[in-house]
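Okay, structure first, notes after.
Only the coordinates and a few stated rules stand behind these numbers; no lab work does. Nothing here was measured: the structure is a model prediction, and the numbers come from that model. Note: ideal-geometry Cβ built from the backbone for every residue, glycine included; neighbour counts use all protein chains shown.
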Ligand code: PSU
Ligand code: MN
């Protein structure tokens, strides 16, 4: 297997921030997805870090894409949604794949990238059907800092936090006392610690390293207030989308993309604007954390 990173590693290079690609290929419609992919990279560069959008192209693990490759991910119809279990398949078949939080963490770690920005992590789905995102066990086993706006509100947030606690994943609120609910700033559920700077996150990452802990770490940044969708506005749309998924028998890897797209339609794209705003904000915070970690480390 050939494994490539676009830029050659060198001592003096800017600290890198990984970005996921499922949100580009399966999370947002064109042209919003392409604009977002470029905007996230620009946000990371503004802070002085280097963006590395993660994907699999022609079976190769990649960290850092050209603009033509971003365009391909945003427009092609044969891009597979790749979580951890799909990795060996798409590599063996020399296919193209967009990476979820789980597989982006795996590949980021492979390339020595320690910080990763996403929108919202996957988690424990609501309802009786047993469905837990591979994002959670990846957080328990791979030492990457994941910057997010909490878990997507389509999920069972209390159960998601319980899972993270059981498996020893530290949940940090960035300028927040509560676990954010993706579209909204609050969930009523506490985080393990509140921090108010990137330096404080870096200190926790270093302590975790010194303790020899191999797990990841979750940094939760509430969506900027101006872009927030209050829970009473978004919750009816989520409940309707969940009922439709149930009656249409939508399960497995198709469920999260379906729910996100339906909530966007039902809220007149308000939820998509919120999604875009929080993704950008998370990229910005992740770049600051990457810089803070690069100082005296
Ligand atoms: N958050 C978004 N849009 C997305 C996702 C998260 O705003 O498209 C993606 C992420 O890649 C996440 C995945 O890892 O959904 C979770 O999918 P599943 O529940 O099937 O594990
Ligand atoms: Mn699932």
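Overview of values
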read-out: Separation between Cα centres of region 229-280 and region 18-36, rounded to whole Å; value: 16
read-out: Extension gain from residue 214 to residue 165, taking 0.36 nm per residue of separation minus the Cα-Cα distance; value: 16.1 nm
read-out: Relative packing of 236-245, 15-24, which averages over residues the other C-beta atoms within 10 Å, highest first; value: 15-24, 236-245
read-out: Principal axis dimensions, the chain - Cα atoms, whole angstrom, descending; value: 53, 42, 34
read-out: Sum of -39500 (n - 2.57) over DSSP H runs of 4+, divided by residues of the chain (222 nm, nearest 500); value: -13000 deg cm²/dmol
read-out: Rg(Cα) / (2.2 N^0.38 Å) computed for region 142-275, rounded to two decimals; value: 1.14
read-out: Spatial extent of region 37-132: Rg and Dmax, with the Cα atoms as the point set, Å; value: 14.3, 45
read-out: Potential lengthening between residue 30 and residue 203 on full extension [0.36 nm per residue; Cα-Cα distance subtracted]; value: 58.4 nm
read-out: Cα→Cβ-extended label distance, 7 Å offset, between residue 233 and residue 295, nm; value: 3.6
read-out: Distance-filtered residues of region 112-141 - backbone nitrogen under 14 Å, label point 7 angstrom along residue 39 Cα→Cβ; value: 119
read-out: Additional length obtainable on full extension of the chain from residue 94 to residue 192, 0.36 nm per residue less Cα span; value: 31.1 nm
read-out: Mean Cβ neighbour count within 10 Å, used as a protection proxy, ranking 38-51, 146-159, 178-191 highest first; value: 146-159, 178-191, 38-51
